[in-house]
Amino acid sequence: MGSVEALRQQQTSVTLKDREAATMAEGELLGVRWVSQRRLIPVSPQASRDSRLSFCTKMCYGIGGVPNQVASSATAFYLQLFLLDVAQIPAAQVSLALFGGKVSGAAADPVAGFFINRSRRTGSGRLMPWVLGCTPFIAMAYFFLWFLPPFTSLRGLWYTTFYCLFQALATFFQVPYTALTMLLTPSPRERDSVTAYRITMEMVGTLMGATVHGLIVSGAHGPHGCEDAALPRQATVSPDATRLYCIAAAVVALTYPVCSSLLCLGVKERPAASAPASGQGLSFLAGLGLTARHPPYLKLVVSFLFISAAVQVEQSYLVLFCTHASRLHHHVQSLVLTILVSAVLSTPLWEWVLQRFGKRTSAFGICVMVPFAILLAAVPTAPVAYVVAFVSGVSIAVSLLLPWSMLPDVVEDFELQHQHGPGLETIFYSSYVFFTKLAGAGALGISTLSLEFSGYQAGACQQAEEVVVTLKVLIGAVPTCMILIGLCILMVGPAPKAPRQDTSRQLSLQRRTSYSLT
């Protein structure tokens, strides 16, 4: 709606800025550029094409985000089931492990932003060394997260430690990777395009993670453990369960060095040739204080705080719901695959919708899953479950694409209003991930603790009726309320407009003369 109103205003009146933009466009045809001081400076014909990114660059950048999504997908769908039914840890300890891991990842975001903000540029750039440096350590942490230690008394501490370590390292990997979007090109359209590539490849990674991991460990949860479900006894774990989970963990961990290498080979940061070796921009804490007081950024963070938490709860409890609250345990792999394939296929469509109808209008696609989630909790049958899985995938796609498409607009809106020099991208991105992870930690921790209060028995063939009701609430009512609250916050007040090409060039010129990450 905001883009339609902007178009009408451009059609009905011509302002001074419009005349300046027209003059700038006319000047560019003559080989000159119009700057904010209303003077013309010559540029080479190649300069107008510098902001365009090749297909290879976009693909390599998208591939760089695959490992974290592969690992996150596997943990989102299967870690809770693994801890409860394979490691057979009490639900209260599982709640502590999940909460501690998410908080660890959230706390690592501002820390990552602080250290990256103060790091020096190297031959491979400023952000790329952080991505490459985290790769071997995060792969090892992920593997041991799925390793079943021989002792039983301290298993809760084991998995809490490695989940916290994995989440923290994943943050130090993801923050510089996502912030790299702002340094690839000054063009808003190209940034939206490379963001779509990234989200699409991350969707593919999510699909790979859930599918590959699920197929490998499917033998660990065969029907042989509960032939007589009427008896309230403990299910037996497959003798090969430990080996299968270790194989799945090794396969996923291997994606980190492979994809990071392709990212390093195919993507190059655009350093400022005139940037000093160490910048004199704002300190991290000062920049964090400014970003926290920027209204468009606050609205974006708070709204997707609820929406992302809803998606995490939906993902985490789908497998448990199908296993213990319905007779859909034979359809778990197919339902997860349906969600992820739907999300991958709908991502290019949502990118077109974003460009055609605007980002705020596209946000209504998130609420499509609301009535279907309630329907699944009320009618947990196979046909309904597949319809819900397909629609949920469509909504999850836009919920993942939209914030990362809006965040660059918020960053440039901030830079236009504050003359402190650009380069606060890392602070914006790290603090956004911090708040969304913190919300996910609270949602998953409290919801898992509710299973403990309802009487969940780790590894039991059949759960009590209170557990079934709790799972239905967690899969239906909880995500519904969170999504509706998030959308209401997002729709209140005006949204930051995507910057025009001339504005983007002006900010690009500022980055070449003052870059606070240097």
query = Taking region 103-126 as the region of interest, how many residues are touching a Ser or Thr at 6+ places or on another chain (Cβ under 8 Å) and over 14 Å from A168 (Cα atoms)?
reply = 5
task = Could you please find all residues in region 87-101 being in contact with a Gly (Cβ under 8 Å, 6 or more places away or on another chain) and more than 19 Å from L165 (Cβ to Cβ)?
result = Q88, P90
Hey, S36 at pLDDT below 70, over 18 Å from A168 (Cα atoms), hydroxyl-bearing (S, T, Y) and crowded, with 18+ Cβ neighbours inside 10 Å or not = no
key: Pairs with Cβ under 6 Å, 6+ apart, first in region 429-457 and free of Cβ contacts under 8 Å to residues at least 24 places away in the same chain, second open to solvent by 20 Å² or more (accessible area, probe 1.4 Å) and in a helix (DSSP H, G or I)   = S454/E466; S454/T470; G455/E466
query = Among all residue pairs at least 6 apart or on different chains, which show Cβ distances below 8 Å where the first residue, located in region 326-341, is touching a residue at least 40 places away in the same chain (Cβ under 8 Å) and hydroxyl-bearing (S, T, Y) and the second is open to solvent by less than 50 Å² (accessible area, probe 1.4 Å) and assigned to a helix (DSSP H, G or I)?
reply = S326/A385; T338/A389; T338/G393
key: Those residues of region 339-349 which are open to solvent by 30 Å² or more (accessible area, probe 1.4 Å) and at pLDDT 85 or above, in sequence order   = V341, L345, L349
ask   = Of the residues that make up region 310-319, is at least one among the small types (G, A, S), modelled with pLDDT under 85 and within 18 Å of the chain's Cα centre (by Cα)?
value = yes
task = Could you tell me which residue of region 68-91 is nearest to A249 (Cα to Cα), considering only residues that are open to solvent by 40 Å² or more (accessible area, probe 1.4 Å) and over 16 Å from the mean Cα position of the chain (by Cα)?
result = Q88
query = Can you name the residue in region 92-106 that is open to solvent by less than 50 Å² (accessible area, probe 1.4 Å) and of a type in the set (A, V, I, L, M, F, W, C) and, of all such residues, is farthest from T152 (Cα to Cα)?
reply = A106
request  = Under 7 Å between Cβ atoms, at least 6 apart or on separate chains: pull out the pairs that start in region 244-270 with a residue that is within 11 Å of C60 (Cα to Cα) and end on any residue that is open to solvent by 50 Å² or more (accessible area, probe 1.4 Å) and of a type in the set (G, A, S).
outcome  = C264/S124
note = Taking region 371-395 and keeping residues open to solvent by 10 Å² or more (accessible area, probe 1.4 Å) and either closer than 19 Å to V302 by Cα or outside any helix (DSSP H, G or I) (or both) leaves V379, P380, T381
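In this structure, does L157 turn out to be in contact with a Cys (Cβ under 9 Å, 6 or more places away or on another chain), open to solvent by 10 Å² or more (accessible area, probe 1.4 Å), in a helix (DSSP H, G or I) and over 27 Å from V353 (Cβ atoms)? Before you say what the answer is, go through the steps one by one.
On the way: in contact with a Cys (Cβ under 9 Å, 6 or more places away or on another chain): no; open to solvent by 10 Å² or more (accessible area, probe 1.4 Å): yes; in a helix (DSSP H, G or I): yes; over 27 Å from V353 (Cβ atoms): yes.
Answer is no for this residue.
For residues that are outside any helix (DSSP H, G or I) and of a type in the set (V, I, T), scanning just region 230-261, find the one that is modelled with the highest pLDDT.
V237
Residue by residue, here is whether (1) open to solvent by less than 10 Å² (accessible area, probe 1.4 Å); (2) in contact (Cβ under 8 Å) with a residue 24 or more places away in the chain; (3) in a loop (DSSP other than H, G, I, E, B); (4) closer than 22 Å to Y256 by Cα holds:
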residue: W130; (1), (2), (3), (4): no, yes, no, yes
residue: L169; (1), (2), (3), (4): no, yes, no, yes
residue: Y177; (1), (2), (3), (4): yes, yes, no, yes
residue: L183; (1), (2), (3), (4): no, yes, no, no
residue: E190; (1), (2), (3), (4): no, yes, no, no
message = Take F147 and tell me if it is of a type in the set (F, W, Y) and not in a helix (DSSP H, G or I).
response = yes
request  = Considering every residue within region 44-58, establish whether at least one is modelled with pLDDT of 85 or more, assigned to a helix (DSSP H, G or I) and among the hydrophobic types (A, V, I, L, M, F, W, C).
outcome  = yes
inquiry  = With the structure loaded, tell me whether G113 is crowded, with 19+ Cβ neighbours inside 10 Å and in a helix (DSSP H, G or I) or whether it fails that test.
reply    = yes
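The values are calculated or read from the model by the stated rules, or taken from the named source; none is laboratory data. The structure presented is a predicted model; accordingly, all values stated were derived computationally and were not measured. Here Cβ is always computed from backbone atoms with ideal geometry, including for glycine, and neighbour counts include all displayed protein chains. Each accessible area value is taken on the protein alone, full model and side chains, heavy atoms only, with ligands, DNA and RNA left out. Shrake-Rupley method; radii C 1.70, N 1.55, O 1.52, S 1.80 Å.
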